[in-house]
Structure formats: structure tokens, C-alpha cells
Amino acid sequence: MRLLGISLATLLGACGKNPTTTDVVGVWVNADGAQLTLETNGQFTARGLPTTIFWRRDQPGPAIDGKGTWQLHEGQPYWEVKLGFDEIGGRPASREITVLVSGGGASTYLYRWKGEEGEDRYKLERKLPAAR
């Protein structure tokens with residue numbers, strides 16, 4: 001029984017790895033062409049983020065292109081990347097959205113719920129560098 005307890009504690013500890021800024025810095029893409037670039041200096045650029053996922057589910061509109069600053073922090077119950085837009089569509093803006101973080105290290109991806117929490121996810125996966 002003691003061995004089972006130790007094994008379970010080890011397994012649960014491994015699953016609880018928190019993401020770091022290194023895990024989320026990079027270029028994140030979706031198959032629909034959306035792209036989110038998170039820079040090491042805390043700046044981001046967004047291109048083609050679907051309005052119905054990131055702003056208003058009930059009002060389709062043009063894809064979101066913008067830039068601003070980002071921060072990684074522990075939300076409840078998920079780790080989050082907060083995107084603070086300074087510019088949207090080439091115009092000054094002051095808007096914030098949250099992208100959730102799943103995993104850590106090479107298995108990290110970013111996402112938003114497509115509907116209610118627990119339903120389908122809109123995933124942004126790390127774009128790998130082009131092979132030379």
C-alpha cells in the first residue's frame with residue numbers, strides 16, 4: 001500500500017508541471033491561418049484571430065489583427081496568457097483577452113473554449129522552425 005501511495009504522489013507531481021515564459025514564447029498557429037507571436041520582451045502580435053472565438057461568439061466579424069503586451073500568470077483553475085491590445089486593425093485600442101495554456105515544455109499549446117468550458121477547444125499550436 002505504501003508503494004502505491006508513493007507511485008501515485010510521483011505521478012500526480014509530474015502532471016502538475018507549471019508552464020514557464022519559455023514554454024509560451026514563440027509563434028502559435030491554427031490551421032485556419034490564425035497566428036499569435038509572443039516575444040521574449042513581453043510584446044505580442046496577433047493575425048487572423050477569429051472574432052467569434054476571441055471577442056463575441058454571437059457576432060461574427062473580421063478577424064482580429066493587433067499588437068500589444070502579454071503576461072503569463074496562474075489563473076483559477078488554468079494558467080493564462082493575458083493579451084493587452086494597444087492596437088487593433090491599425091488603430092489604438094485598450095482591450096484585453098485571455099488565452100489558456102495547456103501542458104508544459106514541448107507539449108504546450110494555447111487555447112480558448114469554442115463554447116462553454118469543457119467543450120471543444122480552439123487550439124494554437126507552436127509553429128516549428130522551417131527545415132533547412
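The values are calculated or read from the model by the stated rules, or taken from the named source; none is laboratory data. Computed from a prediction, not measured in an experiment: that's the story for all the values here. Every residue, glycine as well, gets a Cβ built from its backbone with ideal geometry; the counts of neighbours run over all protein chains shown. Calculation scope for accessible area: heavy atoms of the full protein, side chains included, ligands and nucleic acids excluded. Shrake-Rupley method; radii C 1.70, N 1.55, O 1.52, S 1.80 Å.
Data table
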item: Hz values of 3J(HN,Hα) by residue in region 30-42 - Karplus curve (6.51, -1.76, 1.60), Gly and Pro given as x; result: 10, 4, 7, x, 5, 9, 10, 10, 10, 8, 5, 7, x
item: Simple Cβ-charge dipole of the chain, Lys/Arg +1 and Asp/Glu -1, about Cα centre, in debye nearest 20; result: 300 debye
item: Pairwise FRET efficiency - Gln76 versus Val27, Cβ, R0 = 22 Å, nearest 0.05; result: 0.20
item: When region 13-112 is reduced to its Cα atoms, the Kirkwood hydrodynamic radius in Å; result: 14.0 Å
item: Region 12-87 versus region 95-117: alpha-carbon centroid distance in Å; result: 7 Å
item: Value of [θ]222 nm, deg cm²/dmol, for the chain, DSSP H segments ≥ 4, -39500 (n - 2.57) each, nearest 500; result: -4500 deg cm²/dmol
item: Carbon plus sulfur fraction of accessible area for the chain, probe 1.4 Å, in percent; result: 51 percent
item: At R0 = 41 Å, FRET efficiency that the Cβ-Cβ distance of Arg56 and Thr20 yields, to 0.05; result: 0.80
item: Cβ-defined net charge surrounding Tyr78, 13 Å radius [Lys, Arg +1; Asp, Glu -1]; result: 0
